[in-house]
Every structure is written in structure tokens, then in C-alpha cells.
1. Based on what the data block shows, is Glu72 more than 21 Å from Leu6 (Cα to Cα) and over 14 Å from the mean Cα position of the chain (by Cα)?
2. What number of residues in the range 15-31 are surrounded by 17 or more Cβ atoms within 10 Å (Cβ to Cβ), charged (D, E, K, R) and over 12 Å from the mean Cα position of the chain (by Cα)?
3. Can you tell me which residue in the range 38-70 is farthest from Ala86 (Cα to Cα), limited to those that are touching a Phe, Trp or Tyr at 6+ places or on another chain (Cβ under 8 Å) and hydrophobic (A, V, I, L, M, F, W, C)?
4. Among the residues of the range 36-70, which ones are modelled with pLDDT of 95 or more, surrounded by fewer than 18 Cβ atoms within 10 Å (Cβ to Cβ) and part of a loop (DSSP other than H, G, I, E, B)?
5. Is it true that His117 is in contact (Cβ under 8 Å) with a residue 24 or more places away in the chain, part of a loop (DSSP other than H, G, I, E, B) and buried (at least 17 other Cβ atoms within 10 Å of the Cβ)?
6. Take the residues in the range 1-19 that are in a loop (DSSP other than H, G, I, E, B) and in contact (Cβ under 8 Å) with a residue 40 or more places away in the chain, then tell me which one is farthest from the ligand (Cβ to nearest atom).
Amino acid sequence: MIIRRLEELNSNERSVSDTNWTSRRLLLAQDGMGFSMHDTILHAGTETQMWYKNHVEAVYCVEGEGEIVDLENDTVHPITPGTLYALDKHDRHILKAKTRFRMICVFNPPLVGPETHDDEGAYPLIRAEEAGARG
Ligand code: 9YT
């Protein structure tokens, strides 16, 4: 069994930040669950364009207010606590945080740890074996 607490992740390599967000990576590929799980804070006022070509992702909002723009069909959906979106078709999208936004994110295949967005808003596909024994 794995027990892990958010406060343990805030100051180690499982806490990854990019310009618009900080992601605490609770479960990673090397934990052997078949998915990764992240507690992500998006900063107020930010707009982040993403396209997870290599992953599917489900995102559950637990704090804050904003919206998602589905760039596949130019629709906009409000996102508030209790709303889930699932990128089952690798959908290109923009996430707009009106306030500080807190999301629980699940990725398949799982992230291995250090990934940040590339120019297209994607994460590269890194296999756990390539990443070695990253914590
Ligand atoms: C909601 C959101 O930003 N999802 C992307 C994942 C997040 N940036 C992370 O955990 O790396």
C-alpha cells in the first residue's frame, strides 16, 4: 500500500511548476498503478493551451472557477468544483482560470515525473524504464 501526503510533495521532485501552474504528482508511473494522479494548482488569470497527443487525461475541479475552450469544436464550458472533463479524444483545449483553480488530474499512460509542456502543450511519452529510479 502507498500512503502519500500532499505536504510531503511540496518541496521535492514530485512538485513540478510551469509558468501557469504547479503540479503535485501524487502517483507516477513507477508507483505501478497504470495511471498517474496529480493535484494541480493553476494560477488565477492564466490561460493554458494544451494538447495531450500522447495521453488521455481526466480532470476533476475541486476549487476555483474558470472555463475550458474545446478547440476541436470551438465550444466553451464553465468549470467549477464538482465538474469533470475527460480528454478521451486527445482534444486540443484552453483552460482559463478566473481564480486560483485546483484540479485533480489522472493521466494514462502515467507520467514519470519531470514532464512539462512542450511547444504544443503536450507531454512527451517517457517510459518509466527510461526515467530510471526517479522518486
Ligand atoms: C488541469 C491541468 O493543468 N492538467 C494538466 C496537468 C497538470 N499540468 C500536471 O499535472 O502536469
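1. For Glu72, the condition - more than 21 Å from Leu6 (Cα to Cα) and over 14 Å from the mean Cα position of the chain (by Cα) - is met.
2. 0
3. In this case the residue turns out to be Ala44.
4. Of everything in the range 36-70, those that are modelled with pLDDT of 95 or more, surrounded by fewer than 18 Cβ atoms within 10 Å (Cβ to Cβ) and part of a loop (DSSP other than H, G, I, E, B) turn out to be His43, Ala44, Gly45, Thr46, Glu65.
5. Yes.
6. Asn12
The values are calculated or read from the model by the stated rules, or taken from the named source; none is laboratory data. None of the values given here were measured: they were computed from a predicted structure. Positions of Cβ are generated from backbone atoms using ideal geometry, with glycine treated the same way; all protein chains shown enter the neighbour counts.
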